[in-house]
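I have placed the structure first, in the form of structure tokens, so that the comments after it can refer back to it.
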Amino acid sequence: MTAVIASLVKAVRQLLDPAVLRVLVKSVMVTALVFIALAMGVWAGLVWLFEWLGWSGGGLAEAAAAALIAALAAWLLFRVVALAVLQLFADEIVIAVEKRHYPEAAARTQPVPLSREIANSLRSAGRAVGFNALAMPVAGVLLFTGIGPALVFLLVNAVLLGRELTDMAWLRCRDLANASGSANHPVSGLERALLGGAIAGLMLVPFVNLLAPVIGAAAGTHLTHAGLARRESKGNSNA
């Protein structure tokens, strides 16, 4: 718990770092463009549907329906799209954090190729959609409780987010870990879930949700390096 809080505090403090700000602006712009394209696609689809059904005078109805569907999709898909977009710029966040706080690691690790970042982004989006779809029947069963579905989705996304946010840094450090024979993830499952839960909570807050993915990526980098430091310290003490 202490390590997670410390990583989040450090991440928030670095939001004004020019390198982090650049990623924040780029990720927000790309995410906005994705949802604009989604809204335009929905509108075009509704126009075609209304014409096919022979409904007349549907201009206002089309616009209202498109706006409603786009808003609902934005609410449901924001976490998926925002994290998938951030994966494209994840290396820049990790590098910015490492240069400021872990210069020795920054000098030894290698940037992740763009092709690998795109693949990670697609896998991230696929996992998010898949696991949330699997959680829907459970949420449906708990619908009568009122708060049950929200807790189910919060738990699922906490686990998913914790993994994604720490993997962004772990991908850069893993080659070094392989060289030392310690390829398992240095951040515990509990720490990843706590980080994911905190970021999932921030994503529910308007405007703050735009900052949440970047804060999470920076915090995940701190957690990963803290875990590696603990592992190294433990290895030295056992030597």
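The values are calculated or read from the model by the stated rules, or taken from the named source; none is laboratory data. Small disclaimer: the values here were computed from a predicted structure and weren't measured. Neighbour counts run over all protein chains shown; Cβ positions are idealised from the backbone, glycine included. Remember, those area values only see protein heavy atoms, side chains included, never the ligands or the DNA or RNA. Shrake-Rupley method; radii C 1.70, N 1.55, O 1.52, S 1.80 Å.
Tell me which residues, restricted to region 3-21, are without any contact (Cβ under 8 Å) to a residue 60 or more places away in the chain and not aliphatic (A, V, I, L, M). Correct list: R13, P18. Would you check if E62 is open to solvent by 70 Å² or more (accessible area, probe 1.4 Å) and either at pLDDT below 70 or of a type in the set (D, E) (or both)? Answer is no for this residue. Evaluated against (1) modelled with pLDDT under 85; (2) polar (S, T, N, Q); (3) closer than 30 Å to I95 by Cα, S56 falls short on exactly one condition, (3). Just one of the listed residues (A37, A19, A32) is open to solvent by less than 30 Å² (accessible area, probe 1.4 Å) and at pLDDT 80 or above, namely A19. Within region 136-162, the set of residues being modelled with pLDDT of 85 or more and not aliphatic (A, V, I, L, M) comprises P137, G162.
Checking each residue in region 1-11 for being exposed (fewer than 14 other Cβ atoms within 10 Å of the Cβ), assigned to a helix (DSSP H, G or I) and either of a type in the set (A, V, I, L, M, F, W, C) or within 18 Å of the chain's Cα centre (by Cα) (or both) picks out I5, V9.
Of the residues making up region 191-219, those that are assigned to a loop (DSSP other than H, G, I, E, B) and in contact (Cβ under 8 Å) with a residue 60 or more places away in the chain number 1.
Residues in region 127-155 that are assigned to a helix (DSSP H, G or I), open to solvent by less than 90 Å² (accessible area, probe 1.4 Å) and farther than 17 Å from G196 by Cβ: how many? Summing the residues that are assigned to a helix (DSSP H, G or I), open to solvent by less than 90 Å² (accessible area, probe 1.4 Å) and farther than 17 Å from G196 by Cβ in region 127-155 gives 8.
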